[in-house]
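Have a look at the structure below before the remarks.
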Amino acid sequence: NKMIVTPLTKLLGIRIPAVQGGMQWVGLPPMVAAVSNAGGLGVLTALSQPSPDALRVAIRETRKLTSKPFGVNITLLPSINPPDYAGYARVSVEEGVKIFETAGNNPGPLIQYFKSQGCIVIHKCTTIRHAKSAEKLGVDVLSIDGFECAGHPGEDDIGGLVLLARAVKELKVPFIASGGIADARGFAAALALGAAGVNMGTRFMCTVEAPIHQNIKEKIVASTERDTIHIFRSLRNTARVYKNKVAMEVVEIERRGNAKFEDIKDLVSGARGRLVYEKGDPDLGIWSAGVTVGLINDIPTCEQLLKDLEKGVEEIVAGMNKVVVSEGSASCPV
Ligand code: NAD
């Protein structure tokens, strides 16, 4: 069994260049440890913890579950209750976390803080412009998030194929591909586009270890790529979420025009969305999902998932090599 060795695996000390993306209410210790134990990079979602002190406990809990590297995600977006970002950052550093994923608006101070503490920063963004300014701030890796992604794709609507092809021309630091990746073909395509690895969120939600209700995993399996929708377009805080009754109601209110956040606040609150994962009813609130719901057909363990991806990528790459060397072949490589 060959390994996929990239600047990301070397920098982070992981076996397979797959990062588990920040996922509100899902990036909890059991998820993170499962991904890291399987050879990828698990990432704790800071804001899924009610306070910096709770994050401290979660970091310690994760350490008990894995001896492998893992990271902490801090996402800076509009929130109903403004979080103590600096507090989450400080306790993580105090607890010895060395890898951070930052995302969202005005990440400068956070990136500078982590770099001043000698940490590795993966910054996720949805435009080349933002990627280049993060590069200037000294980030180690960029996570280039295409329009296919779950959650916030920004407002430019550029799909992963073009965004990654632009990234490889414009960026100096290694980057990983995010959004739209859930199988070996997508993974191999990301590497072909120059990425040093991939970020996956929705795919990891649909694993045995994901700390969400079985019904929601089965709902993902049963879904097609047409089962997500954007909310918050009119507020310029676009988010791709599962297309359920609540999401349709939000979009309906937005379509009437002049909607204010207050008009939809009770429908979209994260506290309500969390109940979806707890109770297993996909219509209870808003929950993030990428278009990859259309590619996900099983609920493997993280170990099995990453092994299958690794093997699949190798086979695809080998098949492509064959096409490149064989004369006159214009057929599909695999
Ligand atoms: P929340 O209950 O504070 O807000 C729910 C949703 O409404 C979020 O998408 C938020 O961005 C949006 N929102 C809040 N205030 C807004 C405003 N004034 N204008 C426009 N949109 C507004 O969110 P939560 O579920 O408790 O999550 C806390 C934070 O984490 C939010 O900023 C959220 O966007 C972010 N988040 C992070 C991840 C991640 O992967 N790290 C995933 C999803 C959401």
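Annotations
- DSSP bridge orientation in the chain - percent antiparallel, rounded to nearest 5: 15
- Highest-first packing order for the peptide set 123-132, 207-216, 40-49 is 40-49, 123-132, 207-216, based on the mean count of other beta carbon atoms within 10 Å.
- Seen from Leu11, the other residues with C-beta closer than 12 Å to its C-beta sum to a net charge of +1, counting Lys and Arg as +1 and Asp and Glu as -1.
- Largest-first ordering by accessible area, 1.4 Å probe, given options Leu142, Leu171, Leu137: Leu137, Leu171, Leu142
- 5 angstrom amide H check on Glu101, placed H, neighbours 5+ away: Val72, Asn73, Ile74, Ile122
- Sorting the segments 100-113, 153-166 by their mean number of nearby beta carbons within 10 angstrom, highest to lowest, gives 100-113, 153-166.
- Other residues within the sphere of radius under 12 Å centred on the Cβ of Ile216, judged by their own Cβ, net out at 0 (K and R +1, D and E -1).
- Helix-only arithmetic for the chain: the sum of -39500 (n - 2.57) across DSSP H runs with n ≥ 4, divided by the residue total, places the mean residue ellipticity at 222 nm at -12500 deg cm²/dmol.
- Solvent-accessible area of segment 214-291 (1.4 angstrom probe, protein heavy atoms only): carbon and sulfur portion equals 45 percent.
- Here's how it looks for His152: its modeled amide H is under 5 Å from those of Arg240, which are all 5 or more places away or on a different chain.
- Taking all protein chains as they are arranged and a probe of 1.4 Å, the heavy atoms of Met205 leave approximately 10 Å² accessible to solvent.
- For segment 1-149, the Kirkwood estimate of the hydrodynamic radius, built from every pair of different alpha carbons, is 15.4 Å.
- Rolling a 1.4 Å probe across the protein heavy atoms gives segment 192-264 an accessible surface of 47 Å² per residue.
- When the Gaussian network model of the chain links Cα atoms closer than 10 Å, the mean-square fluctuations of Gly39, Gly146, Gly87 top out at Gly87.
- For segment 214-291, the share of alpha carbon pairs falling in successive 5 Å distance bins from zero is 3, 16, 28, 26, 15, 8, 3, 0 percent.
- Percent carbon-and-sulfur accessible area, segment 7-211, ignoring ligands, DNA and RNA, probe 1.4 Å: 56
- Fraction in percent of alpha-carbon pairs per bin - 20 Å, the chain: 33, 60, 7, 0
- Packing-based order for 236-245, 66-75, using average beta carbon neighbours within 10 Å, highest first: 66-75, 236-245
- Segment 130-161 and segment 48-65: distance between their alpha carbon centers, rounded to Å: 27
- Taking every full run of DSSP H in the chain, the ones that stretch at least 24 Å from end to end by Cα along their long axis and average -1.0 or higher on the Kyte-Doolittle scale are 302-325.
- Residue of Val57, Val313, Val141 that the Gaussian network model of the chain assigns the largest fluctuation, springs spanning Cα pairs under 10 Å: Val57
- Over 20 Å (Cα to Cα) - which of Lys68/Lys132; Lys219/Lys265; Lys245/Lys279; Lys132/Lys169; Lys64/Lys98 fall in this group: Lys68/Lys132; Lys219/Lys265
The values are calculated or read from the model by the stated rules, or taken from the named source; none is laboratory data. Model, not experiment: these values are computed from the prediction. Backbone-built Cβ (ideal geometry, glycine too); neighbour counts: all protein chains shown. To get the accessible areas, we keep the full protein, side chains included, count just its heavy atoms, and leave off ligands, DNA and RNA. Shrake-Rupley method; radii C 1.70, N 1.55, O 1.52, S 1.80 Å.
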